[in-house]
Amino acid sequence: GVVVRAEGLGKTYAEGKLRTPVFDGLDFHVHAGETVAILGASGAGKSTLLHLLGGLDTPTAGEVYVCGQKMSALSDAARGQLRNRALGFVYQFHHLLPEFTALENVMLPVLLAGTGVAEAEARARALLESVGLGHRLGHKPGELSGGERQRAAVARALVNRPACVLGDEPTGNLDERTAANVFELMLDLNRAQHTSLVLVTHDRRLAARLDRVVELHEGKLREVARDGL
Ligand code: ADP
Ligand code: ADP
């Protein structure tokens, strides 16, 4: 089935008299288990699109459906719950809570979904072990390396076994070797969990590793042929 779908999606930022049209009339969908790269120049609207797909911002036209649910029809609370259970987010910067340990950071989405502490801890611990952080459970983000922080952020995104992970340049802030390591880890975990992945990147080599590549250019979304990468 389709896990994330956008229909006629449009966004224009408005601040006072200043209007910034980013795109309009975009149609986009992601199948279960599919990995999709979104390419585009800086300012093309990639982050805006990802935010709309994740329900973090409201479109000015069109609709987003996550697991068949129309985002605009949900209350803020219901949208928050759907986001927490059905989607995982990984950003360029880890956004881990600095006062909490790696284990607590990864437990949090499970607790927010209403699962008990013991099970949340068991799942967070198992996932952190599988991303190579079994020896860092009690460390706070400030005590982890850049690669370790991103791997903890990946674990946090996947701990609720979401239908789809949305990644906004998740390896963009890492050196090449560490970036490759985190990218492979994301692909492995997504395959193992049959989770879809939508990845914003400007790295065409990374994009070529995914099932499908689209490019955002002058407000339009077009499929990119694999041999064009
Ligand atoms: P990309 O991720 O492809 O670099 P963005 O989605 O960040 O592009 O930005 C697309 C356009 O929207 C840019 O022109 C940017 O300046 C503008 N923009 C992004 N966020 C906002 C905002 N919160 N308010 C006003 N304009 C914005
Ligand atoms: P950084 O380069 O920022 O220190 P890395 O992500 O490269 O962080 O790795 C930190 C340590 O964790 C290294 O010793 C590395 O060998 C180990 N490591 C990295 N990725 C994994 C993984 N997927 N599984 C197990 N151990 C890993």
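The values are calculated or read from the model by the stated rules, or taken from the named source; none is laboratory data. Computed from a predicted model, the values in this text were never measured in an experiment. Here Cβ is always computed from backbone atoms with ideal geometry, including for glycine, and neighbour counts include all displayed protein chains. Side chains included, ligands, DNA and RNA excluded: accessible areas come from the protein's heavy atoms. Shrake-Rupley method; radii C 1.70, N 1.55, O 1.52, S 1.80 Å.
Which net charge results for the neighbourhood of residue 119, defined as the other residues with beta-carbon distances under 15 angstrom from its beta-carbon, given Lys and Arg at +1 and Asp and Glu at -1?
On the way: positive: 85, 123, 125, 161; negative: 104, 121.
Here the charged neighbours net out to +2.
With viscosity 0.692 mPa s and temperature 37 °C, the Kirkwood radius over alpha carbon pairs of the chain converts through Stokes-Einstein to a diffusion coefficient of 182 µm²/s. Working from Cα pairs under 8 Å separated by at least six residues, relative contact order for region 68-128 is 29 percent. Compared with the rule-of-thumb size 2.2 N^0.38 Å for a compact globular protein, region 91-214 has a Cα radius of gyration ratio of 1.02. For the peptides 38-44, 223-229, the ranking by packing is 38-44, 223-229, with the highest mean count of neighbouring Cβ atoms within 10 Å listed first.
Averaged per residue, what accessible surface does the chain expose to a 1.4 Å probe, in Å²?
Details: 10960 Å² over 229 residues.
In whole numbers, the chain has 48 Å² accessible per residue.
According to a simple spin-label model (label point 7 Å from Cα along Cα-to-Cβ), what is the distance in nm between residue 130 and residue 2? It works out to 2.9 nm between the two label points.
For region 1-87, carbon and sulfur atoms together expose 50% of the accessible surface, with a 1.4 angstrom probe and every protein chain in place. Remark: the residue 175-residue 18 segment gains 52.8 nm on full extension, using 0.36 nm per residue and subtracting the alpha carbon distance.
Principal-axis analysis of the Cα atoms of the chain puts helix 117-130 at an angle of about 80° to the longest axis. The C-alpha atoms of region 1-124 occupy a region whose extents along the principal axes are 49, 33, 29 Å, arranged from largest to smallest.
For region 157-229, with all protein chains in place and a probe radius of 1.4 Å, 47% of the accessible heavy-atom surface sits on carbon or sulfur. Between the beta carbons of residue 209 and residue 78, assuming R0 = 30 Å, the FRET efficiency works out to 0.30 to the nearest 0.05. Using the rule -39500 (n - 2.57) for each DSSP H run of four or more residues, divided by the residues of the chain, the 222 nm mean residue ellipticity is -10500 deg cm²/dmol.
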